[in-house]
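Q: The structure that follows is given in the form of structure tokens.
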Amino acid sequence: MPIVRNNVASAAIDRQSITREALFGLPDDRLAECVVTAPSDEAPNGSKVGDALWIWSKDQVPTPLSKRSLNFTAIDHLPVLGMELRRCMLAHMLFPLERYADIAGLRKRCIYLTRVAKLLAEVGGVDCSFHSVSADQFQAAFDTATADLGDTRRVVGRYICELQDLGQRKVIPGYLSQVDREFIVNLSLNTFDGLPERPEFHQEGDFGQWQPLPDDYVAEAGRRWVFYLEVILPQLVSVIEQIPALEGEIAERGTGRAENTIAMYRKQVWNKSLGDIGWHDDLGRDLTEMPFQTKAVFPPENFSQLIELLSVCQGALIQVLMLMTGGRVSEVETLRQDCLVPAEEGEAAIPALKGRTFKLSGLTAGDATSWPIPHRVAAAVELQQKIAAVLLSDGSNSLWVSNNRQYWLQGKIHAYHHLEVFARDHGLEPLLGGTKVHPHRFRKSVARLAVLSLTGAPLILRDIFGHADIEGTLKYILSNPSIREEMRELALDTMMDQAETVAHDLDDAGGQGADNLRKIRDGFFDKLKVPKNERAQRHRMDEFVAAQLADGAVDLKMIFPGIVCLKPKSATGLCSKDEINTAVCRPNCHNFVALPNFKEHAERTIGYLLDELDRPEIRKNPLMGVWYKAQLKDHVDLFGDLKERFAADKRLAAALGEG
């Protein structure tokens, strides 16, 4: 299931009607009629560009009206400035300078730029435009608009600079053409140091602050996570689902009784109920104590101890979700009871979690996102959903249940606390090497595993982590010294494995590259005077690999399953000098090696080519016929026994004879 991230700010705009050319040149009256948002309760037909309010629906942005709308009321009486500012907002939505602005970012720009525009109109008149504003007029309006904003003055200055950049790039027609950008920068700072641009880096110092979790910790903690989620959690659900019946019994016995008497009844009922429960391990044997160190009381003897055990299980699930999804702590904490998306039909289908991501959104409610998860993890989430549905006392739809006394049985948790307590209470802190089990380390662990095992890992991680660009993901990966070193070791190991495979299968390999490599091998052994009966021995072959294949003299590349190219960098071949071009890769190239496991594929290809050459339309087509015959000859000549195997097929003799 693909990773999904939504930015609803521009979701409803008809991009065919508001092209870049239209945004710059469309008359105000026609642009004002273009619909900019989807229908909502407040605007059944959607908001138009010329409306005083641009309103997004609650379905898209589940927040109060003030946080899902742009308000142009203060400048609605300004025919020119009002539309120029609206064009600026549209530009941020459709043709941004760096990245698409979300509704929260648009609201901030609208609030501050509206304040400035209103003050400009007081000086220049209601019909003034940005073009007609002088530097002095702008300074007076800017100083007044930002007088009470403190450091936010710099932010407003950046928004004005964005207006200038959009105008100078011909995205919008209206900008402060009489005001120099440097003047705006210095004015916003009240200094001549220059306004800092929005940073494009991602706090590089923080990239190396949290390293991946040690393998030993993940292994030992993982055994405990699995035990809690697959052995304890299902039994917890069975106990907690009895709560309505038990509370009904307590209410019946406590009718007309004092509160302390009811509390005593509740304690007695729960103690008896928990005392009657028989806990079992995964093999069905009686479980009277945990199979590892833990501070949680087990079996639980009262309701508080039961909720404490639930808290430990939640800590295990939180860590598993962080490791499975790479989600930020805020994304995991805000998961709701409806977060689980069942797997679709089909063997390859897997479940997913849907949630909200906040860091790059700016929206109070965040942007929608989702992560694929394994079936076993989905089963644990489903159990957690059942528990939350029974226990939550605050009416929330949270996936989690707090055991904190301040938020007792409410849907507010502190995930970082669960991580620290789990490591401490299970005696796992020594495995962390004196460091803390920070949530960010789970993301780094996901990055490490992906980089070392997946092709195209940076692009995959960018989507999983919700990064704005690939640069941030690469910094995330390469800032980690241990990952860089493991990548180097993995590259060397991979090259050595390929070299050993080629060397040990060389006698049965096909292609001109194999012929050439056999000559190099035989020359190497002749030079060392290795007897022929020893040349196939493992240690002798390892000598050849180390000396001739793994030292950089030959650049081995697996370009297709069973096909290896020997072309070193800057060497010549059928393809270009610098890069391998698989489109022109042919067996008659002196760098081409076909390993024995390619023979079955070659045999199927020969059969297919012979069948094709039997077709009348191929025989009548001189170009296709010649091409098929050339392919047939290449594959037949790859392995000596293949030609013998097809010798009885008259079609082969006819095809090669005609070729």
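The values are calculated or read from the model by the stated rules, or taken from the named source; none is laboratory data. It should be emphasised that the depicted structure is a prediction, and the values quoted were computed from it without experimental measurement. Note that each Cβ is placed from the backbone with ideal geometry, even for glycine, and that neighbours are counted across all protein chains shown. Ligands, DNA and RNA are excluded from the accessible area calculation, which covers all protein heavy atoms including side chains. Shrake-Rupley method; radii C 1.70, N 1.55, O 1.52, S 1.80 Å.
Q: Out of (1) of a type outside the set (Ser, Thr, Tyr); (2) modelled with pLDDT of 90 or more; (3) open to solvent by 70 Å² or more (accessible area, probe 1.4 Å); (4) under 27 Å from the mean Cα position of the chain (by Cα), the odd one out for Glu241 is which?
A: (4)
Q: For the stretch 259-289: of the residues being acidic (Asp, Glu) and at pLDDT 85 or above, which is farthest from Asn302 (Cα to Cα)? Outline the logic, then answer.
A: First, pick out the residues of the stretch 259-289 that are acidic (Asp, Glu): 259, 276, 281-282, 286, 289.
Those still in the list that are at pLDDT 85 or above too: 276, 281-282, 286, 289.
Working: Asp276: 12, Asp281: 21, Asp282: 24, Asp286: 19, Glu289: 16 Å.
The qualifying residue farthest from Asn302 (Cα to Cα) is Asp282.
Q: Considering the stretch 411-449 alone, what residues qualify as being in contact with a strand residue (DSSP E or B) (Cβ under 8 Å, 6 or more places away or on another chain) and either open to solvent by 40 Å² or more (accessible area, probe 1.4 Å) or of a type in the set (Lys, Arg) (or both)?
A: Lys412
Q: Further, regarding this structure: So Ser330 passes all but one of these: (1) surrounded by 16 or more Cβ atoms within 10 Å (Cβ to Cβ); (2) assigned to a helix (DSSP H, G or I). Which condition number does it fail?
A: (1)
Q: With the condition being touching a Pro at 6+ places or on another chain (Cβ under 7 Å) and not hydroxyl-bearing (Ser, Thr, Tyr), I'd like the helices (runs of 4 or more DSSP H) fully within the stretch 596-636 carrying at least 1 qualifying residues.
A: Working: elements: 599-613, 616-619, 622-636.
It comes to 622-636.
Q: Among the residues that make up the stretch 318-333, is at least one of them touching a residue at least 24 places away in the same chain (Cβ under 8 Å), over 28 Å from Arg376 (Cα atoms) and among the hydroxyl-bearing types (Ser, Thr, Tyr)?
A: First, the residues of the stretch 318-333 that are touching a residue at least 24 places away in the same chain (Cβ under 8 Å): 318-333.
Next, from what is left, pick out any that are over 28 Å from Arg376 (Cα atoms): none.
No, the stretch 318-333 contains no residue that is touching a residue at least 24 places away in the same chain (Cβ under 8 Å), over 28 Å from Arg376 (Cα atoms) and among the hydroxyl-bearing types (Ser, Thr, Tyr).
Q: Same structure, new question: Which condition number in (1) assigned to a loop (DSSP other than H, G, I, E, B); (2) among the small types (Gly, Ala, Ser); (3) closer than 27 Å to Ser132 by Cβ; (4) at pLDDT below 90 is the one that Ser177 fails?
A: Only one criterion in (1) assigned to a loop (DSSP other than H, G, I, E, B); (2) among the small types (Gly, Ala, Ser); (3) closer than 27 Å to Ser132 by Cβ; (4) at pLDDT below 90 is unmet by Ser177, namely (4).
Q: Sticking with this one: For Ile470, only one of the following conditions fails: (1) at pLDDT below 55; (2) of a type in the set (A, V, I, L, M, F, W, C); (3) surrounded by 14 or more Cβ atoms within 10 Å (Cβ to Cβ). What is its number?
A: All conditions are met except number (3).
Q: Continuing with this model, one more query. Given (1) open to solvent by 50 Å² or more (accessible area, probe 1.4 Å); (2) in contact (Cβ under 8 Å) with a residue 12 or more places away in the chain; (3) farther than 14 Å from Thr334 by Cβ, where does Ala380 come up short, assuming only one miss?
A: Among (1) open to solvent by 50 Å² or more (accessible area, probe 1.4 Å); (2) in contact (Cβ under 8 Å) with a residue 12 or more places away in the chain; (3) farther than 14 Å from Thr334 by Cβ, Ala380 violates only (1).
Q: Restricted to the stretch 353-377, and to residues that are of a type in the set (D, E, K, R), part of a strand (DSSP E or B) and open to solvent by 20 Å² or more (accessible area, probe 1.4 Å), which residue is modelled with the lowest pLDDT? Don't jump to the end; show me each part of the working.
A: The first filter runs over the stretch 353-377 and keeps only residues of a type in the set (D, E, K, R), leaving 354, 356, 359, 367, 376.
After this cut, where a residue has to be part of a strand (DSSP E or B) as well, the list is 354, 356, 367.
Restricting the remaining residues to those that are open to solvent by 20 Å² or more (accessible area, probe 1.4 Å) gives 354, 356.
Working: Lys354: 90, Arg356: 83.
If we take residues in the stretch 353-377 being of a type in the set (D, E, K, R), part of a strand (DSSP E or B) and open to solvent by 20 Å² or more (accessible area, probe 1.4 Å), then Arg356 is modelled with the lowest pLDDT.
Q: In this structure, does Leu233 turn out to be open to solvent by less than 70 Å² (accessible area, probe 1.4 Å), touching a residue at least 24 places away in the same chain (Cβ under 8 Å) and touching a Cys at 6+ places or on another chain (Cβ under 7 Å)? Show your work before the answer.
A: Values: open to solvent by less than 70 Å² (accessible area, probe 1.4 Å): yes; touching a residue at least 24 places away in the same chain (Cβ under 8 Å): yes; touching a Cys at 6+ places or on another chain (Cβ under 7 Å): yes.
So Leu233 passes the test.
Q: Please determine whether any residue of the stretch 258-273 is open to solvent by 30 Å² or more (accessible area, probe 1.4 Å), part of a helix (DSSP H, G or I) and in contact with an Asp or Glu (Cβ under 7 Å, 6 or more places away or on another chain).
A: Yes, the stretch 258-273 contains a residue that is open to solvent by 30 Å² or more (accessible area, probe 1.4 Å), part of a helix (DSSP H, G or I) and in contact with an Asp or Glu (Cβ under 7 Å, 6 or more places away or on another chain).
Here is a yes/no grid of residues against (1) small (Gly, Ala, Ser); (2) in contact with a helix residue (DSSP H, G or I) (Cβ under 6 Å, 6 or more places away or on another chain); (3) surrounded by 14 or more Cβ atoms within 10 Å (Cβ to Cβ):
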site	(1), (2), (3)
Asp637	no, no, yes
Phe646	no, yes, yes
Leu652	no, no, yes
Gly657	yes, no, no
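Q: Moving to a separate point now. With the requirement that a residue be surrounded by 18 or more Cβ atoms within 10 Å (Cβ to Cβ), assigned to a helix (DSSP H, G or I) and of a type in the set (D, E, K, R), what does the stretch 102-117 give you?
A: Hits for the stretch 102-117 are Arg107, Arg109, Arg115.
Q: Looking at the stretch 130-144, which of its residues are in contact with a helix residue (DSSP H, G or I) (Cβ under 7 Å, 6 or more places away or on another chain), surrounded by fewer than 21 Cβ atoms within 10 Å (Cβ to Cβ) and either of a type in the set (A, V, I, L, M, F, W, C) or assigned to a loop (DSSP other than H, G, I, E, B) (or both)?
A: Listed by number, the residues that qualify are Ala135, Ala140.
Residues checked against (1) touching a Phe, Trp or Tyr at 6+ places or on another chain (Cβ under 6 Å); (2) exposed (fewer than 15 other Cβ atoms within 10 Å of the Cβ); (3) modelled with pLDDT of 90 or more; (4) in a loop (DSSP other than H, G, I, E, B):
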{"residue": "Met1", "(1), (2), (3), (4)": "no, no, no, yes"}
{"residue": "Ala9", "(1), (2), (3), (4)": "no, no, no, no"}
{"residue": "Ile13", "(1), (2), (3), (4)": "no, no, no, yes"}
{"residue": "Thr37", "(1), (2), (3), (4)": "yes, no, no, yes"}
{"residue": "Val61", "(1), (2), (3), (4)": "no, no, no, yes"}
{"residue": "Ala74", "(1), (2), (3), (4)": "no, no, no, no"}
{"residue": "His92", "(1), (2), (3), (4)": "no, no, no, no"}
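Q: Give Asp276, Asp215, Asp286, Asp282 a once-over and let me know the one that is in contact with a strand residue (DSSP E or B) (Cβ under 9 Å, 6 or more places away or on another chain) and exposed (fewer than 13 other Cβ atoms within 10 Å of the Cβ). Talk me through it step by step, then tell me what you get.
A: Working: Asp276 fails: in contact with a strand residue (DSSP E or B) (Cβ under 9 Å, 6 or more places away or on another chain); Asp215 fails: in contact with a strand residue (DSSP E or B) (Cβ under 9 Å, 6 or more places away or on another chain); Asp282 fails: in contact with a strand residue (DSSP E or B) (Cβ under 9 Å, 6 or more places away or on another chain).
Every option except Asp286 fails the conditions.
Q: Okay, moving on. Looking at the stretch 289-316, which of its residues are aromatic (Phe, Trp, Tyr) and either in a helix (DSSP H, G or I) or in contact with a strand residue (DSSP E or B) (Cβ under 6 Å, 6 or more places away or on another chain) (or both)? Show your work before the answer.
A: First, pick out the residues of the stretch 289-316 that are aromatic (Phe, Trp, Tyr): 292, 298, 303.
Correct list: Phe303 only.
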